Amino acid sequence: MARTRRAPAPLNPSAAPVHAGHSSALNASRRTRELDALAARTEPVDLLVIGGGVTGAGVALDAASRGLSVVLAEAHDLAFGTSRWSSKLVHGGLRYLATGDVAVARESADERHLLMTRIAPHLVRSLPQLLPFVPSVSTKQRVFGGLGMGLGDGLRMLARTPASVLAHPRRIGREEALRLAPALRREGLRGGVLAHDGQLVDDARLVVALARTAAAHGATVLTRVRVSEAYGGGATLTDALGGGSLRVDARAVVNAAGVWAGEIDPGIRMRPSRGTHLVLDAAALGHPSAALTVPHPDSISRFVFALPQQLGRVVVGLTDEDAPGPVPDVPQPHDEEIDFLLRTVSSALERPLGRGDVLGAFAGLRPLIDTGGDGSTADISRRHHVAVSGSGVVNVLGGKLTTYRAMARDAVDLACRHAGLDDPGCRTAELALVGAAGSAAPFATPGTHGARSGPGDHEPPASLTARFGAEASTVLGLARCVDPAAQIADGLDVTRAEIEFAVRAEGALDVDDVLDRRTRIGLVTADRERAQNAVAELVDEGLARLA
């Protein structure tokens, strides 16, 4: 592939890498260097990973941490597909107990434990979840809901998650229910059952942390690179930014393209399911501190959730509808799904919600495996599937966000066996992601080793710490922009330093990457419009510094 070579522009020359020679910083300059190095490479890489969602990033980290040479190729941006459209719950698999899928339920609880205690405790918090005893919730739903929460606590104990991390479920009274969820219907309210589950500050941020940690272990992470002609021995990569194409030889290829997996391997039969969410102002629900769990009408196992989020929002979701036909880049909610979500959650509220309360809406497609049945997609198992295709590609399919690490482990295990690669075994159960306390820092901390002091030395806001953990001070300390601690726009709790960091360290290549995946400002059109110009200016400045 013919490319114009440019001298590398290091993010911070004095930064200490996680592994010798490797930084966790992903940016345009590193992308250029690594494409050039890949074009000049004469030996096959050990593993080529197709897809930059949570599964693909997890596979890249697992393989790189085993000492394998890894290339990850993503056609768009990190977390471009399903991974950014989740409910942002890291849940213990309670719903799967209701369908009898005990293995998935247990695996979910185990993986939640690892995320909350070792891998990414800075990104996952304990979220109170309230099943309110309002008149619209039947006696049967109350009994089975309370029983289910008790069984969920049993999963927590089996996973050895301390009660200090996830508290035991308990019955609460009317006043406490209203304190946690002020918008609840008053008349007939009889308290409820309160349980706890895990919640990500942001799903896309988890993917970025995985990709950066993989890069710190030597993985080549390439976005805007399309894959074609893939088989077990490699694939053709095409630079979507105009850098040409090259053939990459690999000892093993893993297809982690999610709902697009069939485009890589035509032998795959997927049955995508659409999950829709609504974005509301938290003020419309009285700024709740607990998630509302409202049963579907006449159901004891399916719920609509109203989930408190960052940036002063509440997300209401979700649906589970067949989504046949071509897979769109960005799925769209359907009107009937929006109305269903509003109607269901309103059954528990003092003031019913209407279309005027909806600030934004989004939909994602679950990458479910077509099992040949004609029942509801809600009944299709969320168990993941890992197998070698006829073309020699290792396909990793199905699953869900919470169990990404187990999916990645199984995929790399199979790839190593299939290709005869030396395999020291999976390390990711003990491997903290960038930003977690105790993880190896890829950058110098403010005021040391040459990092900027003075204007960059600010006590990080709580929201910044929630998104970056131990790196929060570094985000501010490394900033070169004006007023790094200032909000990007009035009322938006995102600092200017975060925009610069997205470009310099998190692989953002344009304004959409920042608005839609690094900050999630773009979930609300009005927020996007207020922040657009300031973000564009900072993105341009950041890219210019890397040139």
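No lab work stands behind these numbers, since they all come straight from the coordinates. From a predicted model like this one, the values you see are computed outputs, not experimental measurements. In this analysis, Cβ positions are derived from the backbone assuming ideal geometry, glycine residues included, and neighbour counts consider all displayed protein chains.
Which loop trypsin sites (Lys or Arg not before Pro) in segment 114-160, with loop taken from DSSP, have no more than 12 other Cβ atoms within 10 angstrom of their Cβ? List each step's numbers first, then the result.
Details: sites: Arg118, Arg125, Lys140, Arg142, Arg156, Arg160; in loops: Arg160.
Answer by residue number: Arg160.
Could you compute the FRET efficiency for His334 and Glu175, with r as their C-beta to C-beta distance and R0 at 56 Å, rounded to 0.05? Write out the running numbers ahead of the final one.
On the way: r = 39 Å, r/R0 = 0.69.
After rounding to 0.05, the efficiency reads 0.90.
Using a basic spin-label model with each label point 7 Å from the Cα along Cα→Cβ, how many nm lie between Asp422 and Ala103?
Taking the simple label geometry, Asp422 and Ala103 are separated by 3.3 nm.
I'd like the Kirkwood hydrodynamic radius of segment 105-221, using the inverse of the mean 1/r over distinct C-alpha pairs, in Å. Please list the in-between numbers first.
Values: mean 1/r = 0.0622 Å⁻¹.
Result for segment 105-221 stands at 16.1 Å.
What is the distance in Å between the Cα centroid of segment 29-56 and that of segment 318-350?
37
Could you please rank Val137, Val90, placing first whichever residue has the fewest other Cβ atoms within 10 Å of its Cβ?
On the way: Val137 20, Val90 28.
By the 10 Å Cβ count, ascending: Val137, Val90.
Would you kindly give the portion of the calculated P(r) for the chain that falls above 40 Å, as a percent of all Cα pairs? Walk me through the numbers before you get to the answer.
Values: 31974 of 149331 pairs.
Here the tail beyond 40 Å accounts for 21 percent of pairs.
For the residue pair Ala486 and Ala283, what label-to-label distance in nm results when each label sits 7 Å from Cα along the Cα-to-beta-carbon direction?
2.4
What FRET efficiency, computed as 1/(1 + (r/R0)^6) with R0 = 25 Å and r the Cβ-Cβ distance, is obtained for Ala462 and Arg186, rounded to the nearest 0.05?
That pair, Ala462 with Arg186, gives E of 0.20.
Taking every pair of Cα atoms in segment 81-170, average 1/r, invert it to obtain the Kirkwood radius, and report Rg/Rh to two decimals. Intermediate results must be reported in sequence, preceding the final value.
Numbers: Rg = 13.9 Å, Rh = 14.1 Å.
Rg divided by Rh gives 0.99.
Determine, for each peptide in 165-176, 226-237, the mean count of other beta carbons within 10 angstrom over its residues, then list the peptides with the highest first.
Values: 165-176: 15.8, 226-237: 18.7.
Output ranking for 165-176, 226-237: 226-237, 165-176.
Compute, for the chain, the length of the dipole vector about the Cα centre, with Cβ point charges of +1 (Lys, Arg) and -1 (Asp, Glu) only. Units Debye, rounded to 20.
On the way: 59 positive and 61 negative charges, 215 e Å.
Computed about the Cα centre, the dipole is about 1040 debye.
Computed FRET efficiency, Cβ-Cβ of Lys140 and Thr117, R0 25 Å: what is it to the nearest 0.05? Mind dumping the intermediate values first?
Working: r = 35 Å, r/R0 = 1.41.
Efficiency computed from Cβ-Cβ geometry: 0.10.
State the extension gain, in nm to one decimal, for the chain segment bounded by Glu263 and Asp298, taking 0.36 nm per residue of separation less the distance between their alpha-carbons.
Stretched fully, the Glu263-Asp298 segment lengthens by 8.7 nm.
Quick one: dipole size for segment 266-411, taken about the Cα centre, charges +1 on Lys/Arg Cβ and -1 on Asp/Glu Cβ, in debye to the nearest 20.
It comes to approximately 600 debye.
Full extension from Thr525 to Arg351: what is 0.36 nm times the residue separation minus their Cα-Cα distance, to one decimal in nm? Let's see the in-between values first.
On the way: separation 174, 0.36 × 174 = 62.64 nm, distance 2.46 nm.
Length gained, Thr525 through Arg351: 60.2 nm.
List every DSSP H helix in the chain whose Cα atoms extend 15 Å or more along the helix's own long axis and whose mean Kyte-Doolittle hydropathy is at least 0.5. Please report the intermediate quantities before stating the final value.
Details: long enough: 28-40 (18 Å, -0.55); 54-65 (16 Å, 1.13); 102-114 (18 Å, -0.45); 139-158 (29 Å, 0.15); 203-216 (20 Å, 0.97); 335-346 (16 Å, -0.08); 404-419 (22 Å, -0.22); 525-546 (30 Å, -0.47).
Within the chain the helices that satisfy the rule are 54-65, 203-216.
Just how far, in whole angstrom, is segment 478-526 from segment 208-238 if you go by their alpha carbon centroids?
Going from one Cα centre to the other spans 25 Å.
Provide Rg and Dmax in Å for segment 307-371, with only Cα atoms included in the calculation.
Using the Cα atoms of segment 307-371, the pair Rg, Dmax is 13.8, 42 Å.
Give the residue from Ala470, Val221, Gly53 lying farthest towards the positive end of the charge dipole for the chain; charges sit on Cβ (+1 for Lys and Arg, -1 for Asp and Glu) and the dipole is referred to the Cα centre.
Ala470
Please compute, over every Cα-Cα pair in segment 462-546, the percentage with a separation greater than 23 angstrom. Don't skip to the answer; put the middle values down first.
Numbers: 357 of 3570 pairs.
It works out to 10 percent of all Cα pairs.
Students often get this wrong: which residues of segment 163-179 have the backbone nitrogen under 14 Å from the point 7 angstrom along Cα-to-C-beta of Ala437?
Those under the cut-off are 165.
Gain in length, Ser126 to Ala240, computed as 0.36 nm per residue apart minus the alpha-carbon separation, to one decimal in nm? Walk me through the numbers before you get to the answer.
Numbers: separation 114, 0.36 × 114 = 41.04 nm, distance 3.99 nm.
Extending this stretch completely gives an extra 37.0 nm.
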